[in-house]
1. Tally the residues that are under 30 Å from TRP208 (Cα atoms) and either modelled with pLDDT of 95 or more or β-branched (Val, Ile, Thr) (or both), restricting the search to the range 88-110.
2. Among the candidates TYR212, TYR198, single out the residue that is open to solvent by less than 40 Å² (accessible area, probe 1.4 Å) and of a type in the set (Phe, Trp, Tyr).
3. Testing ILE331 on (1) open to solvent by less than 70 Å² (accessible area, probe 1.4 Å); (2) part of a helix (DSSP H, G or I), one condition comes back false. Which one is that?
4. Inside the range 175-195, can you point out the residues that are outside any strand (DSSP E or B), surrounded by 16 or more Cβ atoms within 10 Å (Cβ to Cβ) and not basic (Lys, Arg)?
5. Among what's in the range 1-22 and is in a loop (DSSP other than H, G, I, E, B) and either among the small types (Gly, Ala, Ser) or more than 20 Å from ASN234 (Cα to Cα) (or both), pick the residue that is modelled with the lowest pLDDT.
6. Filter the range 122-147 for residues that are open to solvent by 10 Å² or more (accessible area, probe 1.4 Å) and touching a helix residue (DSSP H, G or I) at 6+ places or on another chain (Cβ under 8 Å) and give the result.
7. Within the range 51-58, can one find any residue that is of a type outside the set (Asp, Glu) and at positive phi?
8. Looking at the range 148-174, which of its residues are open to solvent by 10 Å² or more (accessible area, probe 1.4 Å) and either part of a loop (DSSP other than H, G, I, E, B) or closer than 14 Å to LEU85 by Cα (or both)?
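The values are calculated or read from the model by the stated rules, or taken from the named source; none is laboratory data. The structure presented is a predicted model; accordingly, all values stated were derived computationally and were not measured. Using ideal geometry, Cβ is built from the backbone for each residue, glycine included, and neighbour counts are taken over all protein chains shown. To get the accessible areas, we keep the full protein, side chains included, count just its heavy atoms, and leave off ligands, DNA and RNA. Shrake-Rupley method; radii C 1.70, N 1.55, O 1.52, S 1.80 Å.
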Amino acid sequence: MQLLEQEMDAGLSPATHAKADVKMFPTYVRNIANGSETGQVLALDLGGTNFRVLLVDLLPEGKVELTSKIFVIPQSIMLGEGVNLFRHLADCLVDFMKQEKLIQPGVHYPLGFTFSFPCYQEGLASARLTSWTKGFTCAGVVKEDVVKMLQKAIDEKNINVQCVALVNDTVGTLMACAHKKPHTSIGLILGTGTNACYMETLDRIGTWNGDYEEPKQVIINMEWGAFGNNKRLNHVRTRYDEEVDLSSVNPGKQIFEKMISGMYMGEIVRLIILDLMQQDLLFIGQCDNYGDYKTPLFTRGGFYTKFVSTVETDEGIAFSNTRRVLQDIGIRNPTFDDCAIVQHICKNVSKRAARLAGAGVAVLINRINKPHITVGVDGSLYRYHPRFERNMQKCIKNLVNKNIKFEMSLSNDGSGVGAALTVAAEVLSCQNDKNHLTIKNRNNVDDHT
């Protein structure tokens with residue numbers, strides 16, 4: 001916890017930010033949704049080969065109605081010119097708006113853009129792509145402002161839509177939870193990867209280059225997966241962690257993430273199992289010369305993280321789930337002891353991940369230091385693992401200041417609703433700005449809220 005706080009301060013200081021692992025990027029999101037937002041907002045969610053367009057209807061009393069449509073991004077567009085990607089997104093937006101009869105004279109729509117690729121934000125609606133991931137290689141986009149490219153493509157369609165905010169998934173998670181629980185100050189992703197964001201006061205952000213007017217706060221995108229890249233976590237890493245890192249596509253990077261997230265948890269378990277087999281402590285006599293090297297157990301990534309969850313759901317002495325998993329990875333007729341040991345491995349690997357994540361969240365709760373704090377969480381690991389939430393909450397409770405009450409809240413559709421709520425909160429905060437956008441109310445009348 002002390003190390004993480006030191007790394008956070010390094011990321012927030014202009015003197016050390018450039019070399020800091022935990023980058024602590026200001027997101028320019030300063031207004032948190034509180035449930036009072038009403039109206040209709042469009043949202044785009046681009047995070048991979050599937051692209052989603054949403055109409056988010058914000059109703060009184062914090063209720064939300066969603067209408068959405070999924071579009072496929074053809075590989076030719078993923079690998080082609082960047083301008084064609086954004087034209088395709090705009091085409092999908094127009095298609096959706098026609099389907100929902102949203103294109104009407106004099107009606108303007110604000111739009112939120114969830115763009116799940118590494119970006120350096122220069123404003124709420126300004127972000128430069130630092131690198132493509134997830135199979136995209138669109139030319140002419142890296143280092144460019146993706147919001148400007150999107151807006152240009154939208155303007156070519158002659159529709160009254162203005163992109164007001166770009167957000168990542170942690171911010172979307174925080175905002176989606178805040179709409180129902182106003183004490184939400186932290187957004188957390190625990191899925192294939194892990195990251196966190198939280199609300200920070202401006203006087204603690206040396207890298208802040210915006211205004212200092214109210215509210216004197218901004219959400220910080222921590223990018224905490226990179227914690228430990230500078231070897232400061234080596235004292236808590238194991239040889240299994242080192243092996244996972246060395247065999248990954250990005251050795252030496254995302255060290256904290258590789259000890260926690262769903263992409264790596266199953267692989268850690270697999271390496272421990274192999275180590276115990278080599279010491280004749282597991283599956284004794286079953287695998288002469290370690291069996292068939294083509295089975296999943298001997299293949300990198302062959303022990304899926306979902307197997308960890310399945311094994312941990314077993315109760316009693318039958319170990320039916322564990323036996324089924326072991327059969328899937330090429331182990332037949334395991335003994336009672338074999339099953340008990342495999343379950344013990346899974347429980348300890350997932351418990352360590354939950355405690356590491358919990359310690360990180362405890363740092364943020366103590367730093368915010370308010371009487372009531374809600375942590376918005378999303379991600380498949382947190383959502384589906386049978387014990388992760390319980391182990392994490394227990395750890396946090398032991399580590400936070402006793403005068404602070406906290407709760408974990410599972411986010412619903414943060415990537416879509418959160419982007420729309422970021423827009424809504426921003427529009428409502430600009431009520432005295434003559435250039436502010438409007439949110440169309442449910443009677444199709446421009447509502448200058």
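1. Number of matching residues: 0.
2. Sole residue among the options that is open to solvent by less than 40 Å² (accessible area, probe 1.4 Å) and of a type in the set (Phe, Trp, Tyr): TYR198.
3. (2)
4. Going through the range 175-195, the residues outside any strand (DSSP E or B) turn out to be 175-183, 191-193.
Remaining after also requiring surrounded by 16 or more Cβ atoms within 10 Å (Cβ to Cβ): 175-183, 191, 193.
Those that are outside any strand (DSSP E or B), surrounded by 16 or more Cβ atoms within 10 Å (Cβ to Cβ) and not basic (Lys, Arg): MET175, ALA176, CYS177, ALA178, HIS179, PRO182, HIS183, GLY191, GLY193.
5. The selected residue is ALA20.
6. Hits for the range 122-147 are LEU124, ALA125, SER126, ARG128, GLY135, THR137, ALA139, GLY140, GLU144.
7. Scanning the range 51-58, I find no residue that is of a type outside the set (Asp, Glu) and at positive phi, so the answer is no.
8. Selection gives LYS148, MET149, GLN151, LYS152, GLU156, LYS157, ASN158, ILE159, ASN160, ASN168.
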